[in-house]
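Accompanying notes for the structure given below.
The values are calculated or read from the model by the stated rules, or taken from the named source; none is laboratory data. It should be emphasised that the depicted structure is a prediction, and the values quoted were computed from it without experimental measurement. No Cβ is skipped: glycine too gets one built from the backbone with ideal geometry, and neighbour counts run over all protein chains shown.
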Amino acid sequence: MRTGTSTSNAVDGESALIRAVLAGDTDLVRILLHEDSDPDLRDGAFCLAVRMHAGHIAQLLLQYGADPGRSGKEDLLPLSEAVDSGSPALFEALLDHETRGRYPESELLEARDLARRWHETGAEAELRRRTGSRDAAVRTPVQDDEYHSVDEVTLGGTTVRDGHGAILTYAEELLGVRTSFEELTDRALAHAGQENHATWARVTILLAGRRDRATWTAAAALRTPPDPSRRLFCAEVLRLTLLFDDSDEDAFAGPALDMFTDWSAEETDLAVLTEVLGALGGLSGLRAEAALLRYAGHSDARVRRAVADGLSGTSSSSPAFSGDARTALLRLMADPDAVVRKTACCTVAVGRDHDPVFADAMAAAVLDDPDRLVRLAAAYGLALHHDERCVEAARLLGPPRRGSLEEEHYLGAVWRYEWRRDRR
């Protein structure tokens, strides 16, 4: 919870990184971290981000090597303050493995109980109780970390984020509390329609990580309710369970193939269907492929993207795409939607099927596609297919945009191709 931010004495000096943190410019922070290797500067920037309640930036600094263990006690926040902020990113940054030991279990227990009060009361109601304001609350979706969003609620001059359900779930996980499937489901579904919300994400990942038969059965039972939000929750938990299952037994693949194949033929909600097709993409074999190919020409681009992405998984046990899959991928590489085209190029790129027809299609994309990321993905594919045309493609594309890890990834494959070629 914040009523204002004071940063005048946060960090001495006016480095570009500190100015970017002060401005809350996450993209610039990422660029500067990619270019700057000064560990002391990263550590100071982390402390500043924490005190600004900028959890997203604090997590980014951790990813680039900031060491919160070198922070003084005064540089960190009480866990209760992080809970009040409602930012899961901030709470998790404070409990990085380097600093977790600084907080006694009693403080973590208190933080859990406080998060429960916020979650059960609701951010707006609790904020109204604390401020006494009768004004209308302003609710704004904001990005809380690199992948997930929350709502920011402002009332009576005070602002909080509504990620308390995610904070509560994380605190319980750290304390070794096994919360029931039903309670976790209710937490996630409180944000139905906001499937990118931090609470929904934290719950689905936690349940999928259990990888036990009881959780699988409980989730699968949500396949049939008329409420599409429950079906979406079911599909995501089961898809992630398959994704996280690295055991030799592959215990869930058999029942999953039957379930998701039948489900894909029946589902009418587009968001749920996309998630189901994503799950099929994690299951190799012709049945899964056939279920995906049914939707290769679907009118919705999200569905076609799921097909293009999923075909990389269904063919993983085979050295070549089937004839039908090859035809579909070539069509998807020329799709009206740029993300579909890029996804199809990436699927072809990483596949083991090096049919020249794919290389020719990627070479054409490099020259003709209006979208830069599609051209980059096509150049990446040419490099992975050991096609000399990738070199000219990279020359035409020029250097990667400053700070773009995706562009560096694609062009890095070309640079490695050239290195191997020249060594030969």
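Below is a table of values for the structure above.
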| read-out | value |
| --- | --- |
| Residues satisfying the stated conditions in region 234-279, i.e. of a type outside the set (A, V, I, L, M), under 16 Å from LEU206 (Cα atoms) and either in a helix (DSSP H, G or I) or modelled with pLDDT of 95 or more (or both) | CYS234, GLU236, ARG239, THR241, PHE244 |
| Condition broken by ARG134, with the remaining ones in (1) outside any helix (DSSP H, G or I); (2) over 23 Å from ASP27 (Cβ atoms); (3) touching a residue at least 40 places away in the same chain (Cβ under 8 Å) satisfied | (3) |
| LEU174 being touching a helix residue (DSSP H, G or I) at 6+ places or on another chain (Cβ under 8 Å), part of a helix (DSSP H, G or I) and over 30 Å from GLU107 (Cα atoms) | no |
| Residues of region 325-357 satisfying the condition of being surrounded by fewer than 24 Cβ atoms within 10 Å (Cβ to Cβ) and either among the acidic types (Asp, Glu) or closer than 9 Å to GLY381 by Cβ (or both) | ASP335, ASP337, CYS346, ALA349, VAL350, ASP353, ASP355 |
| Search result, residues across region 362-405 that are surrounded by fewer than 24 Cβ atoms within 10 Å (Cβ to Cβ), of a type in the set (Gly, Ala, Ser) and within 13 Å of VAL348 (Cα to Cα) | ALA363 |
| Residue that is farthest from PHE252 (Cα to Cα) [pool: residues in region 186-207 that are among the charged types (D, E, K, R) and within 16 Å of the chain's Cα centre (by Cα)] | GLU195 |
| Pick from region 406-422, criterion under 28 Å from the mean Cα position of the chain (by Cα) and not acidic (Asp, Glu), ranking: surrounded by the most Cβ atoms within 10 Å (Cβ to Cβ) | TYR410 |
| Some residue of region 77-85 being under 24 Å from TYR147 (Cα atoms), assigned to a loop (DSSP other than H, G, I, E, B), touching a Gly at 6+ places or on another chain (Cβ under 8 Å) and of a type in the set (S, T, N, Q) | no |
| Residues being charged (D, E, K, R), touching a residue at least 24 places away in the same chain (Cβ under 8 Å) and in a helix (DSSP H, G or I) - total across region 321-366 | 5 |
| Some residue of region 186-198 being part of a loop (DSSP other than H, G, I, E, B), out of contact with any strand residue (DSSP E or B) (no Cβ under 8 Å at 6 or more places or on another chain) and without any contact (Cβ under 8 Å) to a residue 12 or more places away in the chain | no |
| Residue in region 286-309 that is on the phi < 0 side of the Ramachandran plot, at pLDDT below 95, buried (at least 17 other Cβ atoms within 10 Å of the Cβ) and not in a helix (DSSP H, G or I) present | no |
| Extreme residue, surrounded by the fewest Cβ atoms within 10 Å (Cβ to Cβ), among residues of region 110-137 that are hydrophobic (A, V, I, L, M, F, W, C) and under 28 Å from the mean Cα position of the chain (by Cα) | LEU114 |
| Leading residue by the ranking (surrounded by the fewest Cβ atoms within 10 Å (Cβ to Cβ)) among those in region 66-93 that are closer than 11 Å to ARG51 by Cα, aliphatic (A, V, I, L, M) and modelled with pLDDT of 95 or more | ALA82 |
| Which numbered condition GLU195 misses (of (1) at pLDDT 95 or above; (2) charged (D, E, K, R); (3) in contact with a Leu (Cβ under 7 Å, 6 or more places away or on another chain)) | (1) |
| Contacts under 7 angstrom Cβ, first residue in region 208-229 being farther than 14 Å from ALA251 by Cα, partner β-branched (Val, Ile, Thr) and crowded, with 18+ Cβ neighbours inside 10 Å, 6 or more apart | ALA219/VAL237; PRO228/VAL272 |
| Any hit, region 215-232, residues being modelled with pLDDT of 95 or more and within 25 Å of ALA338 (Cα to Cα) | no |
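Yes/no matrix, rows are residues, columns are (1) in a strand (DSSP E or B); (2) within 24 Å of ALA188 (Cα to Cα); (3) polar (S, T, N, Q):
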position: ALA93; (1), (2), (3): no, yes, no
position: ALA111; (1), (2), (3): no, yes, no
position: LEU114; (1), (2), (3): no, yes, no
position: GLU120; (1), (2), (3): no, yes, no
position: ARG139; (1), (2), (3): yes, yes, no
position: GLU152; (1), (2), (3): yes, yes, no
position: THR159; (1), (2), (3): yes, yes, yes
